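Nothing in this text is a laboratory measurement; each read-out follows from the coordinates by a stated rule. This is a predicted model, so every value here is computed, not measured. Cβ: placed from backbone, ideal geometry, glycine included. Neighbour counts: every protein chain shown.
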Amino acid sequence: MKTLSRILGGLATAAVVLIVMTAVGLVAVPRLADWTVLVVLSGSMEPSMPTGGLAFVEPVDPATIRVGDVVTFPVPGHPGALVSHRVSAVEHVAGKPVLITKGDANDEPDSWRTPASSVIGKVNVSLPHLGNASQFLRTPAGFVLVLVVPGALIVLGELGAITREIRKIRQNKPKGA
């Protein structure tokens, strides 16, 4: 029973450490680098950016945007909505760069032109499936699974260790003392 308790305690501790390290890697590091982390909500960029993935978007100087870059920008006519598509051409209108973009999975380019100045940033990294996990962790069930269950296992493991120590003390205590 002691071995099982130690194994469970070790697994719970490892789970918490892994979760904290992953959270630091996925939250703190991008913030320190001034990146925006977005969940990929559609399949317009598959297979390079699968639905349910995470996209890490780095601010970019509009003058450095080139054909082939995947950029994130506001969707015209949809306040607050962002899209990440590949630049298929760069035109110049009144001396300013305007982007023609297209999702990799789309047959046609986007129906709008995007001023390079409105680009939020360039997608540097896309990690599949982590967006689904990120969204799940924001639910009550995800919170319980990730924080409460491992925390409870650690507390139970520590209570077991305290109980064992108390038994040892009682067994080693001289009679009549």
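For the chain, give the magnitude of the charge dipole about the Cα centre (Cβ charges: +1 Lys/Arg, -1 Asp/Glu; no others), in debye to the nearest 20.
Result for the chain is approximately 1660 debye, rounded to the nearest 20.
What are the residues whose amide H is under 5 Å from the amide H of D69, where those residues sit 5 or more places off or on another chain and H is modelled from the backbone?
Long-range HN contacts for D69: V87.
Around I166, with a cut-off of 14 angstrom between Cβ atoms, what is the net charge of the other residues, counting Lys and Arg +1 and Asp and Glu -1?
+3
What is the calculated FRET efficiency for E165 to L18, with r their C-beta to C-beta distance and R₀ = 25 Å, to the nearest 0.05?
With a Förster radius of 25 Å, E is 0.35.
Counting only Cα, what are the radius of gyration and maximum Cα-Cα distance Dmax of the chain, in Å?
Computed over the Cα atoms of the chain, radius of gyration and Dmax are 25.5, 98 Å.
Mind pulling the angle between the C-alpha long axis of helix 149-172 and the longest principal axis of the chain? Nearest 10 degrees, somewhere in 0 to 90.
20 degrees
Quick one: net charge around D110, please, counting Lys, Arg +1 and Asp, Glu -1 for every other residue with C-beta under 11 Å from its C-beta.
Result for the local shell: +2.
Check A105: other-chain or 5+ apart residues with amide H under 5 Å from its amide H, H built from backbone geometry?
M45, E46
In Å and whole numbers, how far do the C-alpha atoms of the stretch 78-177 stretch along each principal axis, longest first?
That works out to 98, 25, 23 Å along the principal axes.
Residue by residue through the stretch 69-78, what is 3J(HN,Hα) from phi via Karplus (6.51 cos²θ - 1.76 cosθ + 1.60, θ = phi - 60°)? Round to whole Hz and write x for glycine and proline.
Taking θ as phi minus 60°, the curve returns 5, 9, 10, 10, 8, x, 7, x, x, 10 Hz for the stretch 69-78.
Dipole of the stretch 2-166 (Lys/Arg Cβ +1, Asp/Glu Cβ -1, origin at the Cα centre): which of L41, P79, G157 lies farthest to the positive side?
Value: G157.
Which value at 222 nm does the chain reach when only helices count, each DSSP H run of 4 or more adding -39,500 (n - 2.57), with the total divided by all residues and rounded to the nearest 500 deg cm²/dmol?
-11000 deg cm²/dmol
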